[in-house]
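Chemist: This is the structure, below, for whatever I ask next.
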Amino acid sequence: MGKYFGTDGFRGEANVNLTVEHAYKVGRYLGWYFGQNKDHARIVIGKDTRRSSYMLEYSLVAGLTASGANAYLMHVTTTPSVAYITRTDDFDCGIMISASHNPYYDNGIKIIDNKGHKMSSEVEDLIEKYIDGEIEELPFAKKDEIGCATDYSVGRNRYIGYLMSVPTRAFKNIKVGLDCANGASSNIAKAVFDALGAKTYVINNDPDGLNINTNCGSTHIEGLQALVKEKELDIAFAFDGDADRCLAVDEKGNVVDGDLILYICGKYLKDHKELANDTIVTTVMSNLGLYKACDKIGIKYEKTAVGDKYVNENMVTNGHVLGGEQSGHIIFSKHATTGDGILTSLKIMEAVIESKSTLSTLASPIVIYPQLLKNVKVKSKPAVKEDEVVQNKIKEVESILGSEGRVLVRESGTEPVIRVMVEASTNELCTKYVDEIIEVIKEQGHLV
């Protein structure tokens, strides 16, 4: 975890802790770094619908071209589309301007390597050093060395075409709801579902620069649940601001989160002998109910730290083809190198259609355990993790819960916070044990 770059890029409030100067310097360094052994580096840029995305785009372009790189602009598009085009069109790297599911006033810069994966921490560390003046000033390109900016909306259109080619069956006469979060999927998702024959109902696809993720999308799914019931839809999907997440709603109006999606798609792939190693990759936050359901059907699982970056690293290293997070970042490595919300919705549709079933039926084998997470501000995160009294309390609760629950106490990657999570058979037990652990942390003098 760097000073500026976290697990999902450089993120902060626009013009507060992510400024135009930051964006300019990111562009300057990337343009120079990838142009050291060629005349002009080729770097593609996409952005979501936030008002500040335009400002940051222009700053990045100025930095890139000043360092001699050529910038190719996909304009408003999704994060996975930038990853797809970066690897398929032989770009040196890709940049996505988005703060994902955050409010409109936040923004972020995500950097993607030439294979479509998130940029290595080594390169991000060098960018941070340049921003902080720890690397000497870079030379400016001159004369014909100066880069240029080019419209590359064709890249977005090619990505749309690719999505349309993924499903094995048409969606004819299926009533589908989409919540585009007033974000990057607004000009893509409906076109894909319409082309595949679905009867599509769309909400929150009228972005104005200020309404992205506002009471909509995957983090506020109530509106989509209401739409399913009002229109009697067969299935529905909610995306976040840059459409790298997807949550689903079944025909009864119930939310189908990332854990349920992993089970449904994992079982579908296993049944078709396409689940490599019979294994899915999850994070430590996945629900115990997912693991118990997987045990019953012979699906193995691996657990990583929180963040789709870590899920993807595990998948690449071990050759797994399906992984993701409870929040809806789902990676199908046969088709993509990142979480892709629209792709995920298409793969769920495939599972539903091929099984001749409903989404609620496919999700029914999983019994989700109640889960409670509380954050506590502490003086020192390492001190809490090293405190023997605290660790003994955690072990005590784990022993009591046994196989019918679990405890996860972890450090926040961005705040002076310890996250205490308990899963158990009832909400009352979750509350009881979370509060007991926090009380011990307090008694030991760690709270702020």
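Chemist: Considering only the range 9-54, how many residues are under 19 Å from the mean Cα position of the chain (by Cα), surrounded by 22 or more Cβ atoms within 10 Å (Cβ to Cβ) and not aromatic (Phe, Trp, Tyr)?
Modeler: Counting residues in the range 9-54 that are under 19 Å from the mean Cα position of the chain (by Cα), surrounded by 22 or more Cβ atoms within 10 Å (Cβ to Cβ) and not aromatic (Phe, Trp, Tyr) gives 8.
Chemist: Another one. Within the range 191-206, identify whether any single residue is among the basic types (Lys, Arg) and under 18 Å from residue 247 (Cα atoms), and answer yes or no.
Modeler: no
Chemist: Suppose we filter the range 92-111 for residues that are under 20 Å from residue 38 (Cβ atoms) and touching a residue at least 60 places away in the same chain (Cβ under 8 Å); how many remain?
Modeler: Residues meeting the conditions: 3.
Chemist: Right, something else. Name the strands (runs of 3 or more DSSP E) wholly inside the range 1-87 in which the number of residues that are outside the structural domain of residue 336 (by TED's automatic domain parsing), in contact (Cβ under 8 Å) with a residue 40 or more places away in the chain and farther than 18 Å from residue 147 by Cβ is 3 or more.
Modeler: 9-13
Chemist: Somewhere in the range 426-434, is a residue part of a strand (DSSP E or B), among the basic types (Lys, Arg) and surrounded by fewer than 20 Cβ atoms within 10 Å (Cβ to Cβ)?
Modeler: No, that holds for no residue.
Chemist: Right, another one. Give the number of residues within the range 153-182 that are surrounded by 15 or more Cβ atoms within 10 Å (Cβ to Cβ), of a type in the set (A, V, I, L, M, F, W, C) and assigned to a loop (DSSP other than H, G, I, E, B).
Modeler: Total satisfying the criteria: 5.
Chemist: Which number in (1) of a type in the set (D, E, K, R); (2) more than 22 Å from the chain's Cα centre (by Cα); (3) more than 18 Å from residue 283 (Cα to Cα) marks the one condition that residue 406 misses?
Modeler: Unmet condition: (3).
Chemist: Next question. Here is a list of conditions, (1) more than 21 Å from residue 74 (Cα to Cα); (2) assigned to a loop (DSSP other than H, G, I, E, B); (3) at pLDDT 95 or above, and residue 147 meets all of them except one; can you say which number that is?
Modeler: (1) is the only condition that residue 147 fails.
Chemist: Of these, 223, 177, which one is touching a strand residue (DSSP E or B) at 6+ places or on another chain (Cβ under 8 Å) and farther than 25 Å from residue 335 by Cβ?
Modeler: 223
Chemist: Identify the single condition in (1) without any contact (Cβ under 8 Å) to a residue 60 or more places away in the chain; (2) more than 19 Å from the chain's Cα centre (by Cα); (3) over 20 Å from residue 353 (Cα atoms) that residue 215 does not satisfy, given that it satisfies every other one.
Modeler: All conditions are met except number (2).
Chemist: For the range 220-305, which helices (runs of 4 or more DSSP H) that fit wholly inside it have 1 or more residues that are polar (S, T, N, Q), in contact with a helix residue (DSSP H, G or I) (Cβ under 7 Å, 6 or more places away or on another chain) and modelled with pLDDT of 95 or more?
Modeler: none
Chemist: Restricting the search to the range 351-377, which residues are assigned to a strand (DSSP E or B) and surrounded by 15 or more Cβ atoms within 10 Å (Cβ to Cβ)?
Modeler: Residues satisfying the conditions are 371, 372, 374, 376.
Chemist: Taking only pairs six or more apart or across chains, which ones have beta-carbon atoms under 9 Å, a first residue in the range 252-272 that is closer than 19 Å to residue 178 by Cβ, and a second residue that is surrounded by fewer than 19 Cβ atoms within 10 Å (Cβ to Cβ) and of a type in the set (A, V, I, L, M)?
Modeler: Every condition considered, the pairs that remain are 253/226; 257/368; 260/368.
Chemist: Before we move on, is residue 371 at pLDDT below 95 and not β-branched (Val, Ile, Thr)?
Modeler: yes
Chemist: Continuing with this model, one more query. Scan the range 131-184 for residues that are of a type in the set (Lys, Arg) and over 28 Å from the mean Cα position of the chain (by Cα) and jot them down.
Modeler: 142, 143, 172
Chemist: Could you tell me whether residue 124 is of a type in the set (D, E, K, R) and assigned to a loop (DSSP other than H, G, I, E, B)?
Modeler: When the stated conditions are applied, residue 124 does not pass them.
Chemist: Do we have any residue at all in the range 186-202 that's assigned to a strand (DSSP E or B), surrounded by 15 or more Cβ atoms within 10 Å (Cβ to Cβ) and in the same structural domain as residue 73 (by TED's automatic domain parsing)?
Modeler: No, the range 186-202 has no match at all.
Chemist: If a residue has to be within 13 Å of the chain's Cα centre (by Cα), in a helix (DSSP H, G or I) and buried (at least 20 other Cβ atoms within 10 Å of the Cβ) to count, how many in the range 310-342 make the cut?
Modeler: Selection size over the range 310-342: 4.
Chemist: Something else: Scan (1) part of a loop (DSSP other than H, G, I, E, B); (2) at pLDDT 95 or above for the single condition residue 414 breaks and write down its number.
Modeler: Of (1) part of a loop (DSSP other than H, G, I, E, B); (2) at pLDDT 95 or above, only one is false for residue 414: (2).
The values are calculated or read from the model by the stated rules, or taken from the named source; none is laboratory data. Here the structure is a predicted model, which is why all the values come from computation and not from measurement. Note that each Cβ is placed from the backbone with ideal geometry, even for glycine, and that neighbours are counted across all protein chains shown.
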